[in-house]
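See structure below.
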Amino acid sequence: MSQIFDWVFAQYRDTPTFIILLEMIGVIFGLLSVWYAKRENILVFPTGIISTGIFVYILWIYGLLGDMLINAYYFSMSIIGWYFWTRKVDADHFIPITRTNKLEKKWSLLLFVSAFVFVFLVYTLFDKFNSWTAYVDTLTTAIFFVGMWLMAKKKLENWTYWIIGDVITVPLYLYKGLIFTSLQYLLFTIIAIYGYMAWKKNLNKSPVTLLK
């Protein structure tokens with residue numbers, strides 16, 4: 001066990017202490033955000049805003065431009081989602097969880113392609129295609145763009161995108177030496193699976209409270 005801890009902390013040997021602390025804080029709030037999302041709790045958004053704000057800064061330092069942009073996007077979509085989730089269908093009930101319709105599926109595909117092309121151009125502009133991680137980052141960014149958009153709209157399928165993106169992201173961050181963040185995405189994957197099942201049970205049910 002001690003060898004595992006030695007290996008984990010060896011990855012941070014040359015990392016400034018404040019970056020390590022920021023990463024850990026970002027991870028904690030990120031986990032809280034996904035946990036609240038699973039519970040259909042409105043606190044998913046304020047906790048997500050704190051986490052994504054921290055990771056925008058960290059990812060800029062590490063040169064993961066795609067993930068930096070996705071976190072900036074999460075930040076803005078959290079504000080939009082916060083507003084959308086608090087809308088009511090009547091005096092007592094809030095917007096329910098629903099499935100994507102045909103039009104939303106087309107928009108999801110368009111958003112995926114647009115995000116992929118945009119991040120690809122950003123990497124090209126800054127000449128950052130110097131590692132396989134840049135190509136993986138471009139793909140996961142496009143996946144997460146769609147996932148966040150669907151979550152803000154309370155669509156069940158958002159979890160499918162999160163699961164796929166999280167599974168790909170775990171080895172990416174492990175390779176980059178961001179061990180705590182890699183573990184975070186591993187936990188994200190597990191929570192996302194349970195999140196899908198929980199949301200499926202509440203499909204088309206309008207909640208009377210968003211604090212659960």
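The values are calculated or read from the model by the stated rules, or taken from the named source; none is laboratory data. Only a predicted model underlies this, so the values are computations on that prediction, with no experimental measurement involved. With ideal geometry, Cβ positions are generated from the backbone for all residues, glycine too; neighbour counts draw on all protein chains shown.
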Pairs returned, first residue in the range 57-78 that is farther than 15 Å from residue 30 by Cα, second residue that is of a type in the set (D, E, K, R) and in a helix (DSSP H, G or I), beta-carbon separation under 8 angstrom, 6 or more apart or interchain, are 62/176; 64/137; 64/176; 65/137; 66/137
Could you go through the range 62-79 and let me know if any residue there is of a type outside the set (Gly, Ala, Ser), in a helix (DSSP H, G or I), at pLDDT below 95 and over 19 Å from the mean Cα position of the chain (by Cα).
no
Residues of the range 10-43 being under 24 Å from residue 209 (Cβ atoms), assigned to a loop (DSSP other than H, G, I, E, B) and not acidic (Asp, Glu), in sequence order, are 39, 41, 42, 43
Picked from the range 54-74 (must be under 16 Å from residue 162 (Cα atoms) and among the aromatic types (Phe, Trp, Tyr)), the residue surrounded by the fewest Cβ atoms within 10 Å (Cβ to Cβ) is 73
Filtering the range 43-53 for residues that are at pLDDT 95 or above and surrounded by fewer than 20 Cβ atoms within 10 Å (Cβ to Cβ) leaves a count of 4
Residue hits (the range 129-146; more than 17 Å from residue 170 (Cα to Cα) and part of a helix (DSSP H, G or I)) are 145, 146
Flagged pairs (Cβ under 6 angstrom, 6 or more apart or on separate chains; first in the range 196-207, closer than 16 Å to residue 150 by Cα; second in a loop (DSSP other than H, G, I, E, B)) are 199/156; 204/96
- Item | Residue in the range 183-198 that is polar (S, T, N, Q), assigned to a helix (DSSP H, G or I) and closer than 17 Å to residue 41 by Cβ present | no
**Study point:** Residue within the range 120-129 that is free of Cβ contacts under 8 Å to residues at least 60 places away in the same chain, closer than 13 Å to residue 152 by Cα and surrounded by 16 or more Cβ atoms within 10 Å (Cβ to Cβ) present
**Key:** no
### Message
Residues that are farther than 20 Å from residue 140 by Cβ, among the charged types (D, E, K, R) and in a helix (DSSP H, G or I): does the range 106-128 have at least one?
### Response
yes
The condition from (1) at pLDDT below 95; (2) in contact with a Phe, Trp or Tyr (Cβ under 7 Å, 6 or more places away or on another chain); (3) closer than 19 Å to residue 52 by Cα; (4) of a type outside the set (A, V, I, L, M, F, W, C) that residue 123 misses is numbered (3)
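Quick grid of which residues meet (1) among the aromatic types (Phe, Trp, Tyr); (2) at pLDDT 95 or above; (3) closer than 23 Å to residue 43 by Cα; (4) out of contact with any Lys or Arg (no Cβ under 7 Å at 6 or more places or on another chain):
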site	(1), (2), (3), (4)
140	no, no, no, yes
144	yes, no, yes, yes
150	no, yes, yes, yes
170	no, no, no, yes
176	no, no, no, yes
212	no, no, yes, no
Given (1) surrounded by fewer than 18 Cβ atoms within 10 Å (Cβ to Cβ); (2) touching a helix residue (DSSP H, G or I) at 6+ places or on another chain (Cβ under 7 Å); (3) closer than 26 Å to residue 173 by Cβ, residue 95 misses just (3)
